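Data block below; observations after.
The values are calculated or read from the model by the stated rules, or taken from the named source; none is laboratory data. Since we're looking at a predicted model, the values are computed, not measured. Reconstructed Cβ throughout: ideal geometry from the backbone, glycine too, with neighbour counts over all protein chains shown. Quick note on the areas: whole protein, heavy atoms, side chains included, nothing else; ligands and nucleic acids left out. Shrake-Rupley method; radii C 1.70, N 1.55, O 1.52, S 1.80 Å.
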Amino acid sequence: MRYTRLVIAAGVGTLLLTGCAEGGREGANTAAAHGGSAAREVVTEADIVLPVSAYFFTPEQQALVDTAHSTLASDCMKRFGFDWPVTKAEPVKVVSRRYGVVSEKVAAERGYHMIPSAGGDEHAEGAVSGAAKLPPAAYMVYGAKGGKAGSGGIYQGKDIPEGGCIGEAGRKLGLDKVQNPAKGKIGLLSIDFSSYGQAQKMPEFIKSQGAWASCMKKAGYQYTGFLQSAEKFALQGNSASPQEKAVAKADVKCKQETKLATVLLRLESQIQNDYIERNAAGFAEIKKDQDAVVKSAYEALAN
């Protein structure tokens, strides 16, 4: 279960969806994920790495934490006499669609359609289906269904942990510190979303988007916003039509000619780096708490 990956995409539409890696340089520009601000060319989706990415779990860390969370919750359930299954999570590689499609290969093969994400919610679904034969009370103790999260309670004379067994597991890992809005950390991480809108109001981007629109017009397509074509086709059917692929290829070609994605990434990186520097203490605390969670996850799985 992915309790720990904060996704801030409200208002950005469908284009921040993630899926399996679709090609490109896997792991490219990892230095940029640790606060680097050097301008770099966006050629594939793998090139879109922002400074704030350093303050989220990596796919490998997320899988480790998810597995430890499931293990601790299962151990808790055993205290109440329930054999709740443990789900081993696998790393889910993701590809950014933050700027729409930017790769020629993806445009030609898939248009604006995503590869379905491997893993993800299937882990949670698998755990619940594996416990389907347990009595309804098990779900109350677990904290997922049938009970009021955070209310605790008693089952057969034993106190149910606050938030059920998943709540207890989260606290043992330290997830409450990572996710507690009262500590302001989620607010700090909202720069992952707000920089997106801020960058698009800057003159350099506006000029680049105008050039992109002119390029698309020459190709026979009338779009004024760089995500309009993706929004039109992304949810049409289960696969890309020849028309969609043609538009996507023109879109990518125009993005490359006008450097639109490269400009947007550079502007967002500048905004995020400045913000992280101004809030250095808060981001250092985020990193410290995340490191503690990863350490606790290793310890939980070693026992």
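When GLU244, GLU268, GLU257 are screened for being within 21 Å of GLN198 (Cα to Cα), among the charged types (D, E, K, R) and either surrounded by 15 or more Cβ atoms within 10 Å (Cβ to Cβ) or more than 25 Å from the chain's Cα centre (by Cα) (or both), only GLU268 passes.
Yes/no per residue for (1) touching a Lys or Arg at 6+ places or on another chain (Cβ under 9 Å); (2) assigned to a loop (DSSP other than H, G, I, E, B); (3) over 29 Å from ALA284 (Cβ atoms):
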{"residue": "ARG40", "(1), (2), (3)": "yes, yes, no"}
{"residue": "ASP66", "(1), (2), (3)": "yes, no, no"}
{"residue": "ASP75", "(1), (2), (3)": "no, no, yes"}
{"residue": "PRO85", "(1), (2), (3)": "no, yes, yes"}
{"residue": "ALA89", "(1), (2), (3)": "yes, yes, no"}
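The residue that is farthest from GLN228 (Cα to Cα), among those in the range 158-213 that are touching a helix residue (DSSP H, G or I) at 6+ places or on another chain (Cβ under 7 Å) and among the hydroxyl-bearing types (Ser, Thr, Tyr), is SER195.
When each of SER195, SER229, SER239 is tested for being in contact with a Phe, Trp or Tyr (Cβ under 8 Å, 6 or more places away or on another chain), touching a residue at least 60 places away in the same chain (Cβ under 8 Å) and within 17 Å of GLY111 (Cα to Cα), the lone residue that passes is SER229. Exactly one residue out of GLY220, GLY210 is at positive phi, free of Cβ contacts under 8 Å to residues at least 60 places away in the same chain and out of contact with any strand residue (DSSP E or B) (no Cβ under 9 Å at 6 or more places or on another chain): that is GLY220.
A single member of SER214, SER208 is assigned to a helix (DSSP H, G or I) and open to solvent by 40 Å² or more (accessible area, probe 1.4 Å), and it is SER214. Can you name the number of the only condition in (1) touching a Gly at 6+ places or on another chain (Cβ under 9 Å); (2) surrounded by 19 or more Cβ atoms within 10 Å (Cβ to Cβ); (3) of a type in the set (Ser, Thr, Tyr); (4) more than 15 Å from ALA107 (Cβ to Cβ) that THR224 fails? Among (1) touching a Gly at 6+ places or on another chain (Cβ under 9 Å); (2) surrounded by 19 or more Cβ atoms within 10 Å (Cβ to Cβ); (3) of a type in the set (Ser, Thr, Tyr); (4) more than 15 Å from ALA107 (Cβ to Cβ), the lone unmet condition for THR224 is (2). Screening ALA297, ALA281 for residues that are within 30 Å of GLY170 (Cβ to Cβ) and in contact with a Ser or Thr (Cβ under 9 Å, 6 or more places away or on another chain) leaves exactly one candidate, ALA297. Just one of the listed residues (GLU299, GLU285) is more than 21 Å from the chain's Cα centre (by Cα), of a type in the set (Asp, Glu) and in a helix (DSSP H, G or I), namely GLU299.
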